[in-house]
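Only one structure is covered here, and it is reproduced in the block below.
The values are calculated or read from the model by the stated rules, or taken from the named source; none is laboratory data. All values derive from a computational prediction rather than experimental measurement. Reconstructed Cβ throughout: ideal geometry from the backbone, glycine too, with neighbour counts over all protein chains shown.
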């Protein structure tokens, strides 16, 4: 198991390096100039000498390989640079928003798991019954309804019946847990519903597939209680693809809740991503892409370890 873990960790390094090189080059190939947007974006008449001086201050006049080496040197030291738009450290801009996005993702994941695993299992065990049909309608509705639309419905419902509206500022969980949960439970519910629908469909399909395997029929032929057959044999093997779906959806939520954050007035990583791209803030975009890529790689690493825990054959290999 230790050798397997070290091997997976070593594979993460070239992946992150490849992402860093790719996003750095792509940002330099994009049309537009952040200095022009900042100084001439509102139609201002700024002399070219001022533009050149600002480009020199930001290091944009240097050869591209020099810019990349300086940026990578800072990344290795934990310094992601300064935002070209606000002038503040990138780590500060990301840090004040990461807690919000991470908490919404965790809460949505917990809700999805608590809903999807029991519903998917029940749907498979009572195949083609009324229970199965109700759960399948619930899952298909979750796949069909966009999260932002459900979020607007939730806000209208709360506003009409409870006179509640999204707060203007984010309250940290450590400062006021009650205010924090009352603010983030609704976007987590809107996102978690679709999340749970995907996992429920996957759980149902994998349970049905596993129940057709020979070892399930053998366990039943030996007289093993049906509850033990489902819990020890069916669920353990059916969880492998479900864990993959849950993990990838969680990684996506870190930076993919742009519209949902806008609906619930949340200043998270997704909103920062859009603002950085629209302003041409290359330093910020590079850091955000690297952050999201690191989350995906880390989640895939955790999924691989869970595979090894759930399936002993992986550990033996």
task = Answer yes if at least one residue in the range 185-200 is under 29 Å from the mean Cα position of the chain (by Cα) and under 21 Å from residue 308 (Cα atoms), and no otherwise.
result = yes
request  = Kindly indicate whether residue 119 is farther than 24 Å from residue 202 by Cα, at pLDDT 85 or above and touching a helix residue (DSSP H, G or I) at 6+ places or on another chain (Cβ under 6 Å).
outcome  = no
inquiry  = residue 236 - would you say it is touching a helix residue (DSSP H, G or I) at 6+ places or on another chain (Cβ under 8 Å), outside the structural domain of residue 21 (by TED's automatic domain parsing), more than 17 Å from residue 116 (Cβ to Cβ) and in contact (Cβ under 8 Å) with a residue 24 or more places away in the chain?
reply    = no
inquiry  = If the requirement is being assigned by TED's automatic domain parsing to the domain that holds residue 264, surrounded by 15 or more Cβ atoms within 10 Å (Cβ to Cβ) and not in a helix (DSSP H, G or I), which of these qualifies: 170, 148, 174?
reply    = 170
